[in-house]
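Shown next, in structure tokens, is the structure this report addresses.
The values are calculated or read from the model by the stated rules, or taken from the named source; none is laboratory data. All values reported here derive from a predicted model rather than from experimental measurement. Glycine also receives a Cβ, built like all others from the backbone with ideal geometry; neighbour counts cover every protein chain displayed. These accessible areas exclude ligands, DNA and RNA; they are computed on the full protein's heavy atoms, side chains included. Shrake-Rupley method; radii C 1.70, N 1.55, O 1.52, S 1.80 Å.
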Amino acid sequence: MLNIVVLVSGGGTNLQALLDAERAGQIPGGKITCVIASRPDAYALTRAENAGVPTRVLARREYPDVHAYSRAMVQALQEEKADLVIYAGFMTILDESVCRAFANKMMNVHPALIPSFCGKGYYGLHVHEAALKKGVKVSGATVHFVTEECDGGPIILQKAVAVEEGDTPETLQRRIMEQAEWKILPRAAALFCAGRLRVEDGIVHILEENGRDGKEKQNGTF
């Protein structure tokens, strides 16, 4: 059983999706053992406590710079014996030391189909504002491994969501969460915990349960 540590900053809707999936037996190889928040007022902490999951607060404002905060985060993750680290609405910047310490063991969900609408400045509603301004007909969500490049790590899963006439950033955000983020993030966690993700030359291959490359690798979606 692998230890999953979830990093949060806000309301924790993606955390709730993970908690619900675990309770439903959809992440059989892993267990959420700790939730770490960058803010003491993050409602995600309440969600974790309600589910009986231990929590920690590593407040960004208590550290002089990103490097000091990142060192503290690495220490906390090591103390928690994290096998998999999941960003679930974690809005605090960490330096390269963290993803190097947990290479291909940290994943994030981004509310767009990477490489579209990603990178510096593309977070929260800004992503959906940009998508609507461009007039795209399809958006969605991506789960990827975290690397030093913002939103640039190997893609694990993607799911497309239709953009509807009259959408606002808020309505599009909600539809992408419900139809994509809350589905592919727990799925990616389950695949990792089952040992079915292999990264080669920056490409994630999804293996069948017998260890061979499977259909999910071919279509790149879930």
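The amide H of MET107, built 1.01 Å from its N in the peptide plane, has VAL85, ILE86, TYR87, VAL146 as neighbours under 5 Å, considering only residues 5 or more places off or on other chains. Only protein atoms count toward the accessible area here, which uses a 1.4 Å probe; on the chain, the carbon and sulfur part of that area reaches 49 percent. Can you give the Rg to Rh ratio of the stretch 121-173, both from alpha-carbon atoms, with Rh computed by the Kirkwood formula? Answer for the stretch 121-173: 1.00.
Taking the centroid of alpha carbons for each part, the stretch 43-62 and the stretch 124-200 are 24 Å apart.
What Kirkwood hydrodynamic radius do you get for the chain when you take the inverse of the mean 1/r over all pairs of distinct Cα atoms, in Å?
Its Kirkwood hydrodynamic radius stands at 17.6 Å.
Its residues counted as N, the stretch 63-182 yields a C-alpha radius of gyration over 2.2 N^0.38 Å of 1.14. The listed peptides 146-157, 92-103, 4-15, ordered by packing as a protection proxy, come out as 4-15, 146-157, 92-103 (highest mean of other Cβ atoms within 10 Å first). Which stretch or stretches of the stretch 77-116 have amide N atoms under 18 Å from the point lying 7 Å from HIS67's Cα along the Cα→Cβ direction? The answer is 93-101, whose backbone nitrogens lie closer than 18 Å to the label point. At a probe radius of 1.4 angstrom, the accessible area of the stretch 130-191 per residue rounds to 45 square angstrom.
Would you please put 132-144, 173-185 in order of how densely packed they are, using the mean number of other Cβ atoms within 10 angstrom per residue and starting with the highest?
Working: 132-144: 18.1, 173-185: 20.0.
Ranking the peptides 132-144, 173-185 by packing returns 173-185, 132-144.
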